[in-house]
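Here's the structure we're looking at; comments come further down.
The values are calculated or read from the model by the stated rules, or taken from the named source; none is laboratory data. On a predicted model such as this, the values are computed, not experimentally measured, just so you know. Because the Cβ atoms are built from the backbone with ideal geometry, glycine has one as well, and the counts that use them run over all protein chains shown. Note: accessible area is taken over every heavy atom of the protein model, side chains too, but ligands, DNA and RNA are not part of it. Shrake-Rupley method; radii C 1.70, N 1.55, O 1.52, S 1.80 Å.
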Number of protein chains: 2
Amino acid sequence: MYDRMQELSAKNIKKIHDATLALLKNKGVSFKDEEALDIFKANGHKVEGTIVFFKESHIQKALKTAPGRFTVHARNPEKSMMVGEDDFVFLPGYGAPFIMDVNGKQRRATMEDYDNFCKLIQTSAYIDMNGWMMVEPVDMPHETVHLDLNLSNMLLCDKPFMGSPISRQGALDGIEMAGILWGGKEKIMDKTVSVSLIKTQSPLTFSGEMAGAFIELARHNQACAVASLVMANGFANFSLAGILTLQNAEILAGITLAQLVRPGVPVIYGATSSVMDMKTGTLSIGAPELSRNIHLVAQMARFYNLPSRSGGGLTDALCVDAQAGVESTLALSTAARSGINFILHSCGILGSYMAMSFEKFLIDEEVCGMVRNMIRPMVLNDDSIDLGRIKAMCGNDAYLTHPKAFQLRRTEFFAPSLMNRKNPDAWGSQGRQRIDQIAEDKVAQRLASYEKPDIDPKIEKQLTEYVENRKHT
Amino acid sequence: MYDRMQELSAKNIKKIHDATLALLKNKGVSFKDEEALDIFKANGHKVEGTIVFFKESHIQKALKTAPGRFTVHARNPEKSMMVGEDDFVFLPGYGAPFIMDVNGKQRRATMEDYDNFCKLIQTSAYIDMNGWMMVEPVDMPHETVHLDLNLSNMLLCDKPFMGSPISRQGALDGIEMAGILWGGKEKIMDKTVSVSLIKTQSPLTFSGEMAGAFIELARHNQACAVASLVMANGFANFSLAGILTLQNAEILAGITLAQLVRPGVPVIYGATSSVMDMKTGTLSIGAPELSRNIHLVAQMARFYNLPSRSGGGLTDALCVDAQAGVESTLALSTAARSGINFILHSCGILGSYMAMSFEKFLIDEEVCGMVRNMIRPMVLNDDSIDLGRIKAMCGNDAYLTHPKAFQLRRTEFFAPSLMNRKNPDAWGSQGRQRIDQIAEDKVAQRLASYEKPDIDPKIEKQLTEYVENRKHT
């Protein structure tokens, strides 16, 4: 297939792979968790202080057991999703402290905002999975907020969800609650029902919290996306090739740990490195380098036969303007087209991860739908070409009411729910609204239409009690 | 190369090709120009009334002489461009009657607007060619406006330009003026200095004006893009496969005419078919089907070894909002990535071709720069990976002033001129401006910085006199 984006030759992939192995062998990776260090030592790794060194054989062994594709199960089995190879999922934004409103005013996010995002995800035709920490609620105690987020994820939405990898205990709470949701922890011990985001601390470090959470999640067969974010121009003053190597080292080190804990546990190759803007000193996630990296990450993951993760609807814009549309669409469409399997941050992010916007959430969601349509293969057979109808059509004015037209409208073409296709008069008579203003109304409509998915009242009670008990211990 | 967009197998391309040949043989194509009919008759085509029928051998012969790649020469030789294979050009919007201002008010375009677009193109780092009829000036007489547009194109900008294919005489005026610009018509007889857009009248018709212009342009070795726009859901109530076949028939018929007039004249395979929106009855150029078609058109053109043309920054949005950013970026990046060579409408279009926006022009232009950057291959060698620097970087806080950092900032990473990467405080203190509001200021700055390119005063006088004389005959 012709593609103007760069194809990494086998020789070039080997260059990156070899440089990565050299880095893992000679420089090593720091894991700030005692159990992680013990696991590595017990499996023949050289360990100095918190620095773990890797031989090629360690990496190869891990890659042999990591699966290329897995199912993440939803409590509503119709909503379970495959992740890997041709199958991919869109997920909401992650980790934003603020809400940006339609007038460009920012405020701290609350638990009510979080719940509203859960409701939008539940009612979404295009978001495949619930996320985690779409926003950080300021009105909940920091120590226990992960319990409330997990509870909302599990009660307000019946799609697959992300886990709570804030610490070893945070991860375990998520696992316990998922066990309750599935009617018994034994039911999820061989079943992946969540995907958690394990962020590295670049360069070449896993914090104690992340390493601990990672071990518990892997032990319970819960999937993790190891995510490396290297800031070019910032601490990483080397080229894209160097960044690709550094993030590769961090990811492979993490994946090796997971496979030592539980061979075969699903792990995702994840990276969303980008550049620091030299004028402002901030990370730019609207930069085209982000999309270049996404395309290369997808290829590296395929080389290792691993599912891949990147960002999606990412932007530096601080309001839902044309820039937000440009940058988010470039990254999201690149991720989907280039073969990324787990597209985090598909919806809602503004200002380089600083805020979520409800209006942008709906617009990005429609982009997810457009991209799914764009990559849909055309049906090519005698009926779809239908020379007879082409030949008959000249001078035939009744095309709008032709029976075939009705069928095509339902099956062949994308029906937008948000994008404006009005003519100028109709648009003018409705107040010349920008799409973000139109989206504001739609957010209210969507939330009003939300219905809580059915759940066994006993399970709901058990979950709520678990959260209450944990809050008081 | 892995790509989630559809790859047409050789078998599927043959299906479309065979259906096209059947259509050309049995249904034929109408050319409403006497000379065109005479040329076809003289070359052994069956002709009934205005309908011309094509045998496979006619098509094959034309495809043998049409070049896969050509140079379009600029009067400033440094700005000449290659079109075909890996080489591609970005061009401005085409044919809009209105200007949409930053407040969403539309007005008829004027000659001053046209000239201002020529100035933005001349000062653009990313627009490779001047267009034609970027807007239709309401303040100039309809009969002679093409002369004024050609004059502005040639005097205000020294990049390659598009020709004036409004009629046989309109095309000839453009050719005469280009002859003057190059210091004598004989100097351009074997040199392509313009590309003109020959639009079909779907289904299966070339108007008299278009066919006449096409013949004159081909005779003078000027390149033409044959452009078929089939409106799915509208008169064409068949699937995407049928649309691909119908547009293929129109384009191949046109290319055959050009190669009969002058074997070897450059022709471009062009199509921007899309769907009619069923709620509003208007053509949607923001639809994902447009991008699906672009990707398929690029593959059909490569099958025939022809340069390809599509649209770029296309949207249905009526103001420069997030929708405008989403839709334009999806189509533009698809065109560039999928291998289109002549990307018309890269900048400025709003409202399904209804208006041009100066602000959107600058935003789209920046997207062109981002896309050029995104597809740039990463340099992969020992220096670009630079393990030594990666190993040394931990704990090194002086990265911002490291000599390598300065070099990378200049060579490796994209420097935006418009996109906002400010933090919320800096953005707030500057009035929380949307990108279209920021662009409004930049338009004025760019126009103020414009300098008319040097031209021999004798040639300028001859060109001006040609236009004056033609206006009075």
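Miscellaneous remarks
- All of (1) of a type in the set (Ser, Thr, Tyr); (2) closer than 30 Å to B:Lys360 by Cβ; (3) touching a residue at least 12 places away in the same chain (Cβ under 8 Å) hold for A:Thr280 with one exception: (3).
- A:Asp128 being in a helix (DSSP H, G or I) and open to solvent by 20 Å² or more (accessible area, probe 1.4 Å): no
- Of all residues in segment A:86-121 being within 23 Å of A:Val367 (Cβ to Cβ) and of a type in the set (D, E, K, R), the one that is least open to solvent (accessible area, probe 1.4 Å): A:Asp113
- Some residue of segment B:455-473 being in a loop (DSSP other than H, G, I, E, B) and touching a helix residue (DSSP H, G or I) at 6+ places or on another chain (Cβ under 6 Å): no
- Residues located in segment A:278-309, provided they are touching a strand residue (DSSP E or B) at 6+ places or on another chain (Cβ under 8 Å) and farther than 30 Å from B:Gly428 by Cα: A:Asn293, A:Ile294, A:Val297, A:Ala298, A:Met300, A:Ala301, A:Arg302, A:Tyr304, A:Leu306, A:Pro307, A:Ser308, A:Arg309
- For segment A:265-291, the tally of residues that are open to solvent by less than 10 Å² (accessible area, probe 1.4 Å) and over 17 Å from the mean Cα position of the chain (by Cα) stands at 6.
- Flag if A:Thr282 is at pLDDT 90 or above and of a type outside the set (A, V, I, L, M, F, W, C): no
- Picking from residues in segment B:208-238 that are of a type in the set (Phe, Trp, Tyr) and surrounded by 24 or more Cβ atoms within 10 Å (Cβ to Cβ), the one that is modelled with the highest pLDDT is B:Phe214.
- Selection of segment B:415-473 for residues being in contact (Cβ under 8 Å) with a residue 40 or more places away in the chain and among the hydrophobic types (A, V, I, L, M, F, W, C) yields B:Leu418, B:Met419, B:Ile435, B:Ala439, B:Val443, B:Leu447, B:Ile455, B:Ile459, B:Leu463, B:Val467.
- Selection from segment B:272-284 of residues that are within 14 Å of chain A (Cβ to nearest Cβ) and on the phi < 0 side of the Ramachandran plot: B:Ser273, B:Ser274, B:Val275, B:Met276, B:Asp277, B:Met278, B:Lys279, B:Thr280, B:Thr282, B:Leu283, B:Ser284
- Pick from segment B:140-175, criterion in contact with a Gly (Cβ under 6 Å, 6 or more places away or on another chain) and either free of Cβ contacts under 8 Å to residues at least 24 places away in the same chain or open to solvent by less than 20 Å² (accessible area, probe 1.4 Å) (or both), ranking: farthest from B:Glu78 (Cα to Cα): B:His146
- Candidates are the residues of segment A:417-432 that are open to solvent by 60 Å² or more (accessible area, probe 1.4 Å) and of a type in the set (S, T, N, Q); the one that is nearest to the other protein chains (Cβ to nearest Cβ) is A:Asn423.
- Among the residues of segment A:389-406, none qualifies, meaning not one is within 33 Å of the chain's Cα centre (by Cα) and either modelled with pLDDT of 95 or more or facing another protein chain (nearest Cβ under 7 Å) (or both).
Table: residues versus (1) assigned to a strand (DSSP E or B); (2) within 7 Å of chain A (Cβ to nearest Cβ); (3) in contact (Cβ under 8 Å) with a residue 40 or more places away in the chain.
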residue: B:Leu260; (1), (2), (3): no, no, yes
residue: B:Val265; (1), (2), (3): no, no, yes
residue: B:Ile268; (1), (2), (3): yes, no, yes
residue: B:Gly286; (1), (2), (3): no, yes, yes
residue: B:Ser291; (1), (2), (3): no, yes, yes
residue: B:His295; (1), (2), (3): no, no, yes
residue: B:Gln299; (1), (2), (3): no, no, yes
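- Output for segment B:328-385, where each listed residue is among the polar types (S, T, N, Q), surrounded by fewer than 24 Cβ atoms within 10 Å (Cβ to Cβ) and within 7 Å of another protein chain (Cβ to nearest Cβ): B:Asn373, B:Ser384
- When B:Asn76 is tested against (1) outside the structural domain of B:Ser308 (by TED's automatic domain parsing); (2) at pLDDT 95 or above, exactly one condition is not met: (1).
- Residue within segment A:305-325 that is surrounded by fewer than 24 Cβ atoms within 10 Å (Cβ to Cβ) and either in contact with a Cys (Cβ under 7 Å, 6 or more places away or on another chain) or at pLDDT 95 or above (or both) present: yes
- Pairing each residue of segment B:1-28 that is modelled with pLDDT of 95 or more with any residue that is part of a loop (DSSP other than H, G, I, E, B) and of a type in the set (D, E, K, R), provided the two are 6+ apart or on different chains, yields C-beta distances under 6 Å for B:Asp3/A:Asp3.
- Which numbered condition B:Lys27 misses (of (1) open to solvent by less than 20 Å² (accessible area, probe 1.4 Å); (2) not assigned by TED's automatic domain parsing to the domain that holds B:Trp182; (3) not hydroxyl-bearing (Ser, Thr, Tyr)): (1)
- Qualifying residue in segment B:400-410 (condition: open to solvent by less than 50 Å² (accessible area, probe 1.4 Å) and either part of a loop (DSSP other than H, G, I, E, B) or touching a strand residue (DSSP E or B) at 6+ places or on another chain (Cβ under 7 Å) (or both)): no
- Failed item, numbered, when A:Gln299 is tested on (1) of a type in the set (S, T, N, Q); (2) modelled with pLDDT of 95 or more; (3) buried (at least 24 other Cβ atoms within 10 Å of the Cβ): (3)
- Segment B:433-454, subset more than 12 Å from every other protein chain (Cβ to nearest Cβ) and in a loop (DSSP other than H, G, I, E, B), residue surrounded by the most Cβ atoms within 10 Å (Cβ to Cβ): B:Tyr450
- Residue count for segment B:50-67, restricted to those that are surrounded by fewer than 18 Cβ atoms within 10 Å (Cβ to Cβ), out of contact with any His (no Cβ under 9 Å at 6 or more places or on another chain) and farther than 17 Å from B:Pro307 by Cβ: 5.
- Within segment B:2-24, the set of residues being within 24 Å of A:Glu7 (Cα to Cα) and either open to solvent by 50 Å² or more (accessible area, probe 1.4 Å) or of a type in the set (Gly, Ala, Ser) (or both) comprises B:Tyr2, B:Glu7, B:Ser9, B:Ala10.
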